[in-house]
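Worksheet: the structure to be examined is printed underneath.
The values are calculated or read from the model by the stated rules, or taken from the named source; none is laboratory data. This is a predicted model, so every value here is computed, not measured. No Cβ is skipped: glycine too gets one built from the backbone with ideal geometry, and neighbour counts run over all protein chains shown. Ligands, DNA and RNA are stripped out before the accessible areas are found, and what is left, the full protein with its side chains, is counted by its heavy atoms. Shrake-Rupley method; radii C 1.70, N 1.55, O 1.52, S 1.80 Å.
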Amino acid sequence: MSKAADLLQGTLDMLILKAVSLGTTHGYGLLLRIQQSSGQALEIQQGSLYPALYRLEHQGLIISAWGESDNNRRAKFYQLTPQGKRRLKAEQEEWSRLVSAITAVLTTTPAAVRP
Amino acid sequence: MIARLRDMLRALFHRRRFEAEMSEEFRFHIEQQAEDLVRRGVPRDEALRRASAGFGAVEGAKDEAREARGIRWADELRGDLRYAGRTLRRAPGFALVSILTLALGIGANTTIFSVINGVLLKPLPFPDGERLVHIAEGYPLGAQPIYRAEAASYDGVATYESGGEVNLLAEQRPERVMGRSVSAEFFSVLGVNAELGRTFQPGEDAPGAAPVAVISYGLWSRRFGSDPAMVGKPIMIDGRPREVVGVAERGFAFPVAGTEVWTPVDLNAQNVGELWGAMGTTYFGRLKPGVTVEHADLEHHALLPRIRGAFPWRMPDLWGTGTDNHVRRLDELMAAGVKQRLGLLFGAVGLVLLVACANVANLNLTRLAGRQREILVRQALGGSRWRVARQLFVEQLVLAGLGGAAGVAIAVVGTPLLVAWLPSDTPRLDGVAIDGTVLGFTALASVLAGLFAALGPMLRVPRAEALDGLGNRNISAGRPVGRLAGTLVVAEIALAVVLVVGAGLLVRSLGRLLAVDPGIRVEQVVTARITPDPARCGDGDVRPCVALYAALEREVGAIPGVSAVEFASMLPLDGQSNWYPMNVEDHPVPPGAPATGLTPHVVSPGYFALMGVRVERGRAFTRDDRVTSPLVAVIGKAAADYYWPGTSPIGKKIKPVWRKEWYTIVGVVSDVHQAGLHARPELDFYMPIEQWAAGSMTLVVRSTRAPALLEGELKRALAKVDATTPLSRVQSMEQVVRTSVASPRTTTILLAGFAAVTLLLGAVGVYGVLSYGVTQRRREIGIRMAIGAVAADVRWIVVRRAAVLVATGLAIGLTASWLGASALRGFVFGVSVRDGVTFIIAPMVFVVVGFLASYLPARRATMVAPREVLQGE
């Protein structure tokens with residue numbers, strides 16, 4: 001497993017949900033979407049993407065349907081369910097809380113902890 | 001949760017589509033990415049390669065995707081199953097023995113459970129059967145109008161009379177069939193309809209109603225060829241013409257199995273004797289929805305003074321206040337008589353299955369020891385211990401599944417045999433079948449058996465740390481396996497001891513029961529019921545009866561091989577009972593107190609001599625005790641001792657309360673067991689055949705011929721005397737006695753059978769462990785022999801192990817039996833549940849069995865060739 005995937009262990013699902021929430025698209029499209037919006041900083045392995053997608057679908061957070069891609073090929077498209085929307089919101093909030101907590105710790109000056 | 005399950009099931013059942021779609025999706029991804037790369041100037045081949053590489057191993061990704069879908073376990077299970085099939089095919093002996101052992105245990109359990117299910121668990125075969133309640137029995141028929149008018153708990157109350165047989169005369173052929181006199185609500189309260197025609201209508205039991213009858217589906221097809229024009233046909237029942245108004249639903253038989261004719265009772269108020277004197281009516285009802293049994297019972301007791309007051313004579317104040325007089329659910333009442341017995345058998349058969357499982361677990365352990373290498377290799381190749389343990393479990397489940405299937409086959413054959421063999425008075429036997437509930441039970445039992453049999457071995461999967469075992473040919477992980485196997489065998493023996501002790505107690509008890517002197521001579525006595533229609537004989541006038549039986553005596557006496565012909569109103573031990581309230585000289589009953597009573601018999605003069613009943617005082621009846629001569633009676637010894645202890649009852653007077661004339665006691669005879677070998681002799685009161693018009697009588701003949709051979713000739717003899725009177729229940733007195741102990745006998749035989757099976761399984765278990773021990777200790781034995789041990793020493797090694805196992809099992813088993821013995825209290829007769837003889841003989845059986853089981857392994861141990869073993873190292 002790559003380093004990026006390690007980093008993303010807990011957050012991959014959230015990223016995918018977010019990517020799906022931006023608009024219905026297929027797996028490859030999701031991959032590109034995450035890479036682009038992260039400014040190429042996050043590179044997700046296909047090997048992690050699909051199991052995650054299947055897992056999310058199994059959990060009922062996204063649903064899939066077969067359709068036509070831009071170049072008229074049959075492709076499987078993913079879409080967020082209401083349950084997925086709620087989950088994404090919850091995870092985003094959780095993430096923000098975590099980030100601000102960590103930020104708060106990292107920006108603490110020595111003066112602040114002196115009794 | 002539901003959605004996930006659905007998703008998983010869809011993936012499982014549309015497996016091919018799932019796989020195809022997954023491949024297609026991945027292919028799309030790779031091609032799309034390759035196109036993008038091409039667009040950026042990468043050569044097509046290189047682009048495709050790079051895109052594919054991005055997926056890593058496609059199969060790995062697929063596997064993860066499958067797992068995400070929650071279906072990987074199914075793949076693994078399939079793998080396990082395939083693997084289990086392969087290993088079991090490689091060890092057919094092991095597989096066969098395991099399957100047979102489990103099949104025996106599961107089959108026996110399924111068979112017993114199917115009976116329990118049919119007799120105890122299934123709802124009654126009537127709509128809303130749980131609302132049907134038994135209200136009272138031994139009540140006067142005259143109380144019916146009170147229940148109709150005043151009992152508010154019920155949608156309806158119906159009755160049936162005691163006395164379950166009637167004479168059926170149709171198409172000039174007399175036959176004795178099971179029949180009931182019932183109230184008009186009988187069918188409607190039960191919720192039973194007619195297959196043809198109708199059931200009874202309200203008012204059909206009123207005085208002057210047209211005489212009608214409903215017949216059973218079975219009688220309709222057996223006797224009338226399923227005649228579609230049956231309704232409206234006339235038949236004769238007990239000498240009275242009746243019109244058949246309907247055929248009851250197929251399979252309907254109530255109150256007892258085999259009932260074939262129902263006729264309405266006659267609620268004629270003029271008939272005081274039948275309405276208030278007979279006291280043979282059973283009341284049952286259908287509770288209104290929402291009314292509890294407790295509420296109905298309160299009401300039932302509130303009605304008691306009303307009913308007591310309605311009698312035309314003063315009843316004892318205590319009448320009806322007994323604790324057994326209460327409202328009960330009908331299904332509970334029907335099950336009550338057999339619940340304990342079936343429970344005992346179910347417990348016993350459960351022990352059999354436990355022992356069978358322990359045996360299979362043992363086989364597994366032994367085999368596991370031989371599979372160490374394979375298992376270590378599997379772990380070396382990356383299989384976790386858990387995976388190996390699961391593999392063992394799946395193997396065991398496969399065995400248990402096959403065992404369960406074979407067990408069902410055993411039950412399919414065994415259940416009808418068991419049903420046919422059980423005492424015929426067992427209630428609801430017709431409802432016994434191998435249905436969904438039974439199969440569900442079998443499936444559950446099989447899975448549990450598999451789990452149990454696999455549990456021990458699963459805990460003993462060797463650790464991969466013992467990996468050096470791969471290089472070493474002689475892995476010595478056998479020790480803990482041996483200890484667990486020993487524990488299992490000890491458990492097996494302990495369980496077998498419990499069953500053997502239980503069976504031993506019942507066998508001893510049955511022996512005691514059969515050793516009870518019934519008070520009669522049973523050899524070479526053949527009996528048959530003669531039941532003339534009441535109009536022919538029995539309606540109070542003695543003369544026609546006397547003529548009938550005198551003529552029959554002449555005809556039967558002429559049959560070759562018959563040396564004596566007598567008659568009795570009641571046969572000892574055949575399940576009939578009767579009781580008359582009596583006036584006894586010297587014993588006046590104060591008004592309001594319960595009547596004193598005796599068991600009445602009507603017998604012909606030579607009956608006592610034929611049956612071997614001894615005259616202890618005075619005289620027996622003679623041919624001179626006639627209609628016209630003074631009334632005389634003979635009483636039993638118990639009655640004499642009860643009423644006139646220490647003095648002679650000869651010359652004392654006695655009579656049924658409603659008769660005017662007194663009977664003078666002329667003799668005392670020895671006691672006879674009437675109600676059962678286990679029961680104390682009753683207070684008997686005999687009257688001569690010519691002085692009491694007993695309608696039906698039992699013909700008792702002394703003959704060296706078998707009942708079956710005599711039956712035809714007896715029937716012909718009766719037909720010559722009277723063509724309308726049926727002759728039924730031809731049986732030898734030996735058969736009568738045997739039938740009277742049918743229920744303890746079947747229980748004993750079944751329990752003994754289960755004990756024998758567990759004993760055998762226990763012996764096999766001991767043999768297996770010893771045998772395995774010899775294999776494990778070949779080297780040790782070889783060395784011992786090399787340094788001078790002789791055959792006897794080697795045998796001792798094996799026998800000592802056997803002795804330890806058996807002794808430990810015995811100690812545990814005997815202690816458990818001793819402590820749990822009181823469970824058998826209701827089943828034994830004449831022996832203590834802690835019977836010394838049983839508790840001494842049972843261990844001896846196990847010592848012998850232990851010795852036998854150790855014989856072969858011990859012999860094999862002496863045949864170890866020291867040189868071979870040592871050179872083999």
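Largest first, what is the accessible-area ranking of B:Asp793, B:Asp324, B:Asp684, B:Asp331 with a 1.4 Å probe?
Working: B:Asp793 75, B:Asp324 115, B:Asp684 0, B:Asp331 25 Å².
I get B:Asp324, B:Asp793, B:Asp331, B:Asp684, largest accessible area first.
Accessible area of the protein assembly as shown with a 1.4 Å probe: how many percent of it is carbon plus sulfur?
Details: 27220 of 46380 Å².
Result for the protein assembly as shown: 59 percent of the exposed heavy-atom area is carbon or sulfur.
Run the numbers on chain B and let me know its relative contact order in percent, using alpha-carbon pairs under 8 Å that are six or more apart.
Working: 1456 pairs, mean separation 130.2, N = 873.
The normalised contact order for chain B reaches 15 percent.
Let's test the formula: R0 of 25 Å, r as the Cβ-Cβ distance of B:Leu298 and B:Thr596. What FRET efficiency results, to the nearest 0.05? Walk me through the numbers on the way to the answer.
Working: r = 32 Å, r/R0 = 1.28.
Between B:Leu298 and B:Thr596 the formula returns 0.20.
Ignoring ligands, DNA and RNA and using a 1.4 Å probe, state the total buried accessible area between A and B in Å², rounded to the nearest 100. Before the final figure, lay out each step's value.
On the way: alone 7870 and 40820 Å², together 46380 Å².
Using a 1.4 Å probe, the pair buries roughly 2300 Å².
Any residues in the range A:48-66 that have 40 Å² or more less accessible area with all protein chains than in their chain alone, probe 1.4 Å, and which are they?
Residues meeting the cut-off: A:Tyr50, A:Pro51, A:Tyr54, A:His58, A:Trp66.
Which residues, if any, in the range A:15-44 lose at least 40 square angstrom of accessible heavy-atom surface (probe 1.4 Å) when the other protein chains sit next to their chain rather than the chain being alone?
The answer is A:Tyr28.
What percent of all Cα-Cα pairs in the range B:222-274 falls into each 5 Å bin, going from 0 up to the bin containing the maximum distance?
All Cα pairs, binned at 5 Å, distribute as 4, 14, 22, 23, 19, 10, 5, 3, 0 percent.
For the pair B:Val256 and A:Glu93, how long in nm is the line joining their label points, each one 7 Å along Cα→Cβ?
That separation, rounded to one decimal, is 7.5 nm.
Mean Kyte-Doolittle hydropathy of 1.6 or higher plus an axial Cα length of 20 Å or more: which whole DSSP H helices in chain B meet both? Numbers along the way, then the final one.
On the way: long enough: B:15-39 (36 Å, -1.26); B:72-90 (27 Å, -1.38); B:92-116 (35 Å, 1.70); B:293-310 (25 Å, -0.31); B:330-370 (58 Å, 1.12); B:385-421 (51 Å, 1.14); B:436-459 (34 Å, 1.76); B:478-515 (53 Å, 1.48); B:542-557 (22 Å, 0.55); B:707-721 (21 Å, 0.23); B:742-776 (50 Å, 1.17); B:791-820 (42 Å, 1.19); B:836-862 (39 Å, 1.43).
Those that clear 20 Å and a mean of 1.6 are B:92-116, B:436-459.
Can you tell me how much longer the chain between B:Arg626 and B:Gln735 gets when fully stretched, taken as 0.36 nm per residue apart minus their C-alpha distance, in nm with one decimal? Could you put the intermediate results ahead of the total?
Values: separation 109, 0.36 × 109 = 39.24 nm, distance 3.28 nm.
Computed gain between B:Arg626 and B:Gln735 is 36.0 nm.
How many nm is it between the label spots at B:Arg16 and B:Asp435, if each spot is 7 Å from the Cα in line with the beta carbon?
Rounded to a tenth, the inter-label distance reads 4.0 nm.
For helix A:12-21, report the angle its Cα long axis makes with the longest principal axis of the Cα atoms of chain A; keep it between 0 and 90° and round to the nearest 10°.
With both axes taken from Cα atoms, the answer is about 60 degrees.
Using the heavy atoms of the protein chains alone and a 1.4 angstrom probe, what is the accessible area of the range B:496-617 per residue in square angstrom? Could you put the intermediate results ahead of the total?
On the way: 4860 Å² over 122 residues.
Value returned for the range B:496-617: 40 Å² of accessible area per residue.
Hey, any idea what Rg/Rh is for the protein assembly as shown, computing Rh the Kirkwood way over Cα pairs? Don't skip to the end; give the middle numbers.
Details: Rg = 41.4 Å, Rh = 36.4 Å.
Radius of gyration relative to Kirkwood radius: 1.14.
How big is D for the range B:753-830, in µm² s⁻¹ as a whole number, if Stokes-Einstein is applied with the Kirkwood radius of its Cα pairs at 20 °C and 1.002 mPa s? Intermediate results must be reported in sequence, preceding the final value.
Working: Rh = 15.3 Å.
It comes out at roughly 140 µm²/s.
So, with +1 on the Cβ of K and R and -1 on the Cβ of D and E, and no other charges, what is the size of the charge dipole of chain B about its Cα centre, to the nearest 20 debye? Intermediate results must be reported in sequence, preceding the final value.
On the way: 95 positive and 81 negative charges, 805 e Å.
I would put it at about 3860 debye.
Grab the alpha carbons of chain B, take their convex hull, and tell me the volume per residue in Å³. It would help to have the intermediate numbers written out before the result.
Working: hull volume 214.9 nm³, N = 873.
Given the Cα convex hull of chain B, per-residue volume reads 246 Å³.
Hey, can you find the accessible area per residue of the range B:770-873 for me, probe 1.4 Å, expressed in square angstrom? Don't jump to the answer; show the numbers that get you there.
Working: 5790 Å² over 104 residues.
For the range B:770-873, the per-residue accessible area is 56 Å².
Heavy atoms only, 1.4 Å probe, whole protein assembly: order A:Thr108, B:Thr664 by accessible area, highest first. Intermediate values should be presented prior to the final figure.
Working: A:Thr108 65, B:Thr664 35 Å².
Largest to smallest exposure gives the sequence A:Thr108, B:Thr664.
In terms of solvent-accessible area of protein heavy atoms at a 1.4 angstrom probe, what is the ranking of B:His678, A:His26, highest value first? Could the numbers behind the result be given before it?
On the way: B:His678 120, A:His26 25 Å².
Ranked list, largest accessible area first: B:His678, A:His26.
Ignoring ligands, DNA and RNA, what accessible area per residue does the range B:659-717 give at 1.4 Å, in Å²?
Numbers: 2250 Å² over 59 residues.
Ligands and nucleic acids excluded, the figure is 38 Å² per residue.
Name every cysteine in chain B that ends up alone, with no second cysteine's Cβ under 4.7 Å, or say none.
Taking the Cβ cut-off of 4.7 Å, the unpaired cysteines of chain B are B:Cys357.
What size of dipole, in debye to the nearest 20, comes out for the range B:335-407 about its Cα centre when the only charges are +1 on Lys and Arg C-beta atoms and -1 on Asp and Glu C-beta atoms? List each step's numbers first, then the result.
Numbers: 9 positive and 2 negative charges, 33 e Å.
Result for the range B:335-407 is approximately 160 debye, rounded to the nearest 20.
Along the charge dipole of the range B:104-240, pointing to its positive end and built from +1/-1 on Cβ of Lys, Arg, Asp and Glu, which listed residue (B:Gly203, B:Tyr154, B:Gly118) has its Cα farthest out?
Among B:Gly203, B:Tyr154, B:Gly118, the one farthest towards the positive end of the dipole of the range B:104-240 is B:Gly118.
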